[in-house]
Structure formats: C-alpha cells, structure tokens
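Participant: Sharing a structure here in structure tokens format.
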RNA sequence: GGGGAGAUACCAAAGUGGCCAACUGGGGCAGACUGUAACUCUGCUGGCGUACGCCUUCGUAGGUUCGAAUCCUGCUCUCCCCA
C-alpha cells in the first residue's frame with residue numbers, strides 16, 4: 001500500500017494525497033461510507049460508485065463475523081466478491097463494538113474480550129490474533145488493530161490502563177499480521193489505532209508507540225465519544241505532530257461536516273461516520289445551504305430541490321415536499337434518497353476540500369463553508 | 001315495525017360516582033443521533049400561564065349529589081339482529 005503526498009497547505013496542516021491499494025486509488029482527504037454488515041444501509045453499490053463517488057467503504061468485523069459468519073465470507077472469496085464492491089474496503093476491528101454494545105456478559109481480559117452476540121446471545125471471544133485472522137478472511141484492504149475504545153469521560157487512571165492494554169494488543173496484532181498472509185492474493189495493510197482519551201501525554205505515548213511499529217497508515221480512535229469538540233481537535237493536533245507526514249491518518253468515526261473540515265485542517269486524511277446514513281434515515285439532511293430536518297412541517301409544500309446545488313441525481317429528481325411525504329409515510333424510497341443525498345454531500349465536501357487545498361485557499365474556503373453548512377434551515 | 005348495543009379529545013379506544021384534563025395505541029408537532037444491536041430513541045399533544053394554578057371539555061337538554069365522563073329522564077344520531 002502506497003501513500004503519495006501531493007500537496008501541503010501553507011496556512012494549515014491540511015494535505016492532499018493518493019493512497020494506492022490493490023483495489024484502486026483513494027484520493028485524500030476522503031470520506032468513507034460505513035457499510036457495517038457488508039452494505040451501506042439503503043444504498044446500492046451502483047449508487048455508491050456512480051452517484052456518490054465513494055472510493056472506499058467500511059465493513060465491520062464484529063457484525064460480519066456474527067452474520068453471515070466467516071465460513072460464508074471465506075467461501076465467497078472475501079467481502080469484495082460477496083457484496084460486489086470491487087473498490088477498496090476497510091474493516092473496523094470490533095473494538096468499538098466492545099465499547100458501544102451493552103455490557104451484558106462482556107468481559108475484558110489480557111487475552112481479549114468475551115462478549116455475547118446481540119443476535120442470539122451466544123458467547124464469543126475476540127483476541128488481537130483472531131480479529132486479524134477474521135479480517136484476513138474478510139479480505140479488507142485496510143484492517144484495523146483490535147483496541148479498547150474507552151468513553152470520552154474516562155478518568156486518567158482508567159485511560160492510562162486502557163491504553164496500556166490497547167498497546168499490548170496492538171503488538172500482538174502486528175505480530176499476527178506480519179506472520180500471516182492475505183488469503184486472496186492481494187495486499188492488505190494494518191492500521192494501528194492511537195488512543196489515550198483526552199490526555200495529551202497518553203496520546204503522545206500512544207502515537208509514538210504506533211509509529212515505532214512502522215505501518216502503512218495510522219488511525220486516531222476514541223474521539224467524538226462524549227468529549228467537547230475543542231478537546232477532540234486538541235488531541236488530533238497533538239497526535240498529528242507525531243504521526244509521519246508520508247503516511248495517511250484516519251480519524252475514526254468522525255463526524256459532522258464541520259468536524260471533518262476542522263480535522264482536515266489539522267492534517268487528517270481519512271474519515272468515516274454513520275452520521276450521513278443513520279441521521280439521513282431519521283430525516284436529517286446535510287445540504288450546501290445548511291441542515292434540514294425533512295420531517296418538519298415547513299417543508300410540506302416546498303417543491304424545490306433537496307439541495308439546489310444538485311450534487312446528485314436525487315437532488316434533481318425529487319423535491320423536499322415529496323421526500324418529506326416519503327419519510328413521514330415510512331416509505332423505503334425515503335431512506336434511500338436521504339442516504340444517497342447525504343453521502344453525495346459528504347463526498348462532495350471532501351472533494352471540494354481537496355480542490356481548495358490544491359488551489360491554496362483551503363482555510364479561507366473552510367471558514368465560509370462551515371458557516372453555510374452548520375446553518376439550521 | 002320489533003329487539004339489542006352504543007355515542008369519550010384529530011382517529012381508535014380505556015375509564016362506569018371523587019385518585020380524570022381523562023390509561024393506551026395511532027396520527028400530529030418538535031428534539032436527539034459522530035469507528036451502526038438504530039426505517040431508532042426522547043419530549044409534547046384542550047385553552048391560558050415559566051410555574052403553583054385557573055378556565056372549558058366525555059352526543060345533547062335537564063335532573064340527583066357536597067361532588068358526575070361515570071347515576072336518572074327526555075331528545076338527537078350511529079350500529080347490529082329479527083321481520
């Protein structure tokens with residue numbers, strides 16, 4: 001996996017680059033739609049490619065391992081073959097699920113995490129080793145280290161102990177990864193995850209430890225989990241001072257369009273978030289003019305385009321009033337339109353960011369854009 | 001024509017003397033959602049007031065009672081069964 005740094009902004013840490021993978025190139029900064037269970041919810045792969053211009057999507061180790069299970073994914077020849085997405089895929093390790101799922105029957109030990117399936121209650125064990133094995137079987141281009149993602153409100157003592165465990169797990173992930181091979185004949189890369197909550201010294205320690213393991217890219221995890229945005233930005237700044245310039249940086253699970261632009265300015269290259277799809281399914285639309293709650297009565301008779309900028313065919317084909325009707329009526333097409341629109345918006349936004357970094361006016365452009373896209377319509 | 005059942009807030013539907021401005025759904029109106037157990041969750045939904053509260057409501061007109069959506073009488077309407 002090769003990352004080529006193309007441009008560095010003169011007025012911020014923002015940068016443009018290209019990440020080359022076995023399944024194609026990714027222009028950075030990039031947003032990666034989340035496809036937890038092997039599908040970006042309510043969106044066709046054809047729309048992802050042609051209308052949204054997604055260059056890479058996510059899958060999730062925890063969910064895919066539970067269903068359909070490794071036997072089927074392996075028999076299919078990996079996730080790319082299984083779901084028909086021939087562009088790059090990144091899989092999250094399941095570390096976040098360990099944190100986010102209810103803790104009934106969940107137990108964290110040195111070895112790994114035992115947990116109960118949310119589907120049938122069955123007991124399972126994730127270890128750094130088997131999580132790497134699973135991601136080998138899924139065949140993701142980028143596989144994530146198995147980490148513990150503590151809550152944003154964790155105290156220092158807990159954060160420090162948690163980070164130490166994450167670091168030991170990371171070394172085991174690296175060892176397993178480096179002694180195994182891709183099952184399907186193409187290159188995979190392992191990204192470590194920097195943790196440390198909102199504590200500067202822990203973040204620095206985590207970043208230095210990860211960099212020493214010399215990987216193709218690095219992730220920043222454990223942010224946007226309850227801490228104020230300013231603290232998140234401060235942590236990104238701290239970590240990015242240590243992460244190498246010639247490797248991509250991935251901020252996990254973030255975020256709002258504003259978060260993404262601010263993080264790009266701090267030198268982040270890759271993002272993923274459920275927000276455009278989940279919030280979209282719940283009627284929240286991100287547009288070039290501001291944020292819309294399509295369920296609100298004010299759109300009842302508004303027959304104008306979803307987004308006048310017309311970023312995507314759904315913006316041209318459907319009106320706000322019609323989309324409101326669909327969502328209010330629980331029609332499936334509404335979920336699809338909202339998801340496609342929001343993803344198209346996110347991909348458009350990072351595309352614009354790339355453009356302005358190249359042109360040298362990123363910071364100025366960002367200032368105006370943040371104001372527009374955070375407006376409540 | 002005869003017999004029976006019923007009329008409750010936007011809809012459906014509980015409540016059958018005080019704990020009822022009235023359970024619960026639905027609908028409506030808002031809000032939340034950040035490495036997806038999420039087409040989910042939360043709040044509000046007679047009027048006025050931030051609130052204690054006050055006012056007007058349970059087909060309609062009267063009555064009984066300290067007190068009625070709840071009991072009695074007349075009227076209006078709806079539904080079901082038999083002819």
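The values are calculated or read from the model by the stated rules, or taken from the named source; none is laboratory data. Bear in mind the structure is a predicted one, so any value in this text is a computation, not a measurement. Using ideal geometry, Cβ is built from the backbone for each residue, glycine included, and neighbour counts are taken over all protein chains shown.
Participant: Please verify whether residue A:223 is within 14 Å of RNA strand B (Cβ to nearest atom), over 30 Å from residue A:329 (Cβ atoms) and in contact (Cβ under 8 Å) with a residue 40 or more places away in the chain, treating the condition exactly as stated.
Facilitator: yes
Participant: Now for a separate question. Quick check: is even one residue across the range A:181-194 at pLDDT 95 or above, on the phi > 0 side of the Ramachandran plot, more than 15 Å from RNA strand B (Cβ to nearest atom) and part of a loop (DSSP other than H, G, I, E, B)?
Facilitator: Yes, the range A:181-194 contains a residue that is at pLDDT 95 or above, on the phi > 0 side of the Ramachandran plot, more than 15 Å from RNA strand B (Cβ to nearest atom) and part of a loop (DSSP other than H, G, I, E, B).
Participant: All but one of (1) in a strand (DSSP E or B); (2) surrounded by fewer than 22 Cβ atoms within 10 Å (Cβ to Cβ) hold for residue A:272, so report the exception by its number.
Facilitator: For residue A:272, the exception is condition (2).
Participant: Filter the range A:343-363 for residues that are in contact (Cβ under 8 Å) with a residue 60 or more places away in the chain and surrounded by fewer than 15 Cβ atoms within 10 Å (Cβ to Cβ); which is farthest from RNA strand B (Cβ to nearest atom)?
Facilitator: A:360
Participant: Taking the range A:323-342 as the region of interest, how many residues are surrounded by 19 or more Cβ atoms within 10 Å (Cβ to Cβ) and near RNA strand B (Cβ under 9 Å from one of its atoms)?
Facilitator: 5
Participant: Considering only residues that are touching a helix residue (DSSP H, G or I) at 6+ places or on another chain (Cβ under 8 Å), part of a loop (DSSP other than H, G, I, E, B) and away from RNA strand B (no atom under 12 Å from the Cβ), look in the range A:96-154 and name the one that is farthest from residue A:228 (Cα to Cα).
Facilitator: It comes out as A:139.
Participant: On to the next question. Given A:298, A:366, A:372, which one is part of a helix (DSSP H, G or I) and modelled with pLDDT under 95?
Facilitator: A:298
Participant: Would you check which residues across the range A:81-92 are within 16 Å of RNA strand B (Cβ to nearest atom) and either at pLDDT below 95 or out of contact with any strand residue (DSSP E or B) (no Cβ under 7 Å at 6 or more places or on another chain) (or both) and list them?
Facilitator: A:83 - this is the single residue of the range A:81-92 that is within 16 Å of RNA strand B (Cβ to nearest atom) and either at pLDDT below 95 or out of contact with any strand residue (DSSP E or B) (no Cβ under 7 Å at 6 or more places or on another chain) (or both).
Participant: Let me ask something additional. Determine whether the range A:241-249 contains at least one residue that is out of contact with any helix residue (DSSP H, G or I) (no Cβ under 8 Å at 6 or more places or on another chain), crowded, with 24+ Cβ neighbours inside 10 Å and closer than 30 Å to residue A:101 by Cβ.
Facilitator: Looking through the range A:241-249, at least one residue is out of contact with any helix residue (DSSP H, G or I) (no Cβ under 8 Å at 6 or more places or on another chain), crowded, with 24+ Cβ neighbours inside 10 Å and closer than 30 Å to residue A:101 by Cβ.
Participant: Within the range A:38-80, which helices (runs of 4 or more DSSP H) (wholly inside it) include 2 or more residues that are away from RNA strand B (no atom under 14 Å from the Cβ) and surrounded by fewer than 22 Cβ atoms within 10 Å (Cβ to Cβ)?
Facilitator: Per the criteria, A:45-50, A:70-76.
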